[in-house]
Amino acid sequence: MNATFADIHAAADFIGPGAIEVPLYQTEIFDICRRSSPFGQRIKQVPATGHPSRFFEETAIPNPGSAGFVNPRAIAAPVVSPTRVERSVPLKAIVSQINYNLFDIELGEQQKQFAYLQAKDLVDTVSGVMVTHDVALWNGNDTSLATPTTTQYMGVIPQIVAGGNTVSIAVGASIVDGIKSRWRRWWPTMATMFGPRRSMPILCCWT
């Protein structure tokens, strides 16, 4: 037998002849929290090889350049080779903890209104970790991929800044013209590496 205690007088919205109105709530909590980031979903995830995780990166394709144009009746092919470098990235950890109070759990089971809250809170805690992960992918404050200086990720913004892909737009200046001027400086290299259909991220700063 489970006993339930309730102070109707204290909880009632209205007490009158033939009526006692007590507050009732919808059994489902209206959730307006955003739980995922489109940016995080677009990044391809691969298993780590260890700590640090090591991989090879190809930074340039075998490109013969102007030496590749030869007399078709006297072909002499130039020797080319791909450019590959060894990379490593340390693993980062994101953790979170939620504590359940046994008294509150027992009380919630007696009320039988929000019995699903334990499972919901656990799922929400995991979602909170993923939201933190997605935000840090963009603005994590680490300053190096190979030799970390903080426990956070090195976000996309610091990586763009470290690569020199920034442009400052003065007050009253054209944003489009500022980006185009920076792009023109990269174009001879970018057209060879990425082709005309690719793009390079640029961080704009207003001064």
Exercise. If you take the residues in segment 52-77 that are hydrophobic (A, V, I, L, M, F, W, C) and part of a loop (DSSP other than H, G, I, E, B), which one is nearest to Thr147 (Cα to Cα)?
Worked result: Ile61
Exercise. (1) surrounded by 10 or more Cβ atoms within 10 Å (Cβ to Cβ); (2) modelled with pLDDT under 90; (3) not in a loop (DSSP other than H, G, I, E, B): which one isn't true of Arg35, the others all being true?
Worked result: (3)
For this session: Determine, yes or no, whether Thr125 is on the phi < 0 side of the Ramachandran plot, more than 16 Å from the chain's Cα centre (by Cα) and not small (Gly, Ala, Ser).
Result: yes
Exercise. For Asp177, all conditions in the list (1) more than 30 Å from Ala60 (Cβ to Cβ); (2) at pLDDT below 75; (3) not β-branched (Val, Ile, Thr) hold save one; what is the number of the exception?
Worked result: (2)
For this session: For segment 124-157, name all the residues that are part of a helix (DSSP H, G or I) and at pLDDT below 85.
Result: Ile157
Exercise. Surrounded by fewer than 10 Cβ atoms within 10 Å (Cβ to Cβ) and either modelled with pLDDT under 75 or out of contact with any helix residue (DSSP H, G or I) (no Cβ under 9 Å at 6 or more places or on another chain) (or both): does that describe Val70?
Worked result: no
Problem set entry | Pick from segment 77-120, criterion more than 32 Å from the chain's Cα centre (by Cα) and modelled with pLDDT of 90 or more, ranking: nearest to Ala136 (Cα to Cα) | Ser81
For this session: Collect the residues in segment 128-178 that are surrounded by fewer than 16 Cβ atoms within 10 Å (Cβ to Cβ) and small (Gly, Ala, Ser), keeping them in residue-number order.
Result: Gly128, Ser144, Ala146, Ala162, Gly163, Gly164, Ser168, Ala170, Gly172, Ala173, Ser174
Seminar exercise, completed: Selection over segment 81-117 where residues are of a type outside the set (Ser, Thr, Tyr), over 30 Å from Phe30 (Cβ atoms), surrounded by 13 or more Cβ atoms within 10 Å (Cβ to Cβ) and without any contact (Cβ under 8 Å) to a residue 60 or more places away in the chain yields a count of 3
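The values are calculated or read from the model by the stated rules, or taken from the named source; none is laboratory data. What you are looking at is a predicted structure, and each value in this text was computed from that prediction instead of being measured. With ideal geometry, Cβ positions are generated from the backbone for all residues, glycine too; neighbour counts draw on all protein chains shown.
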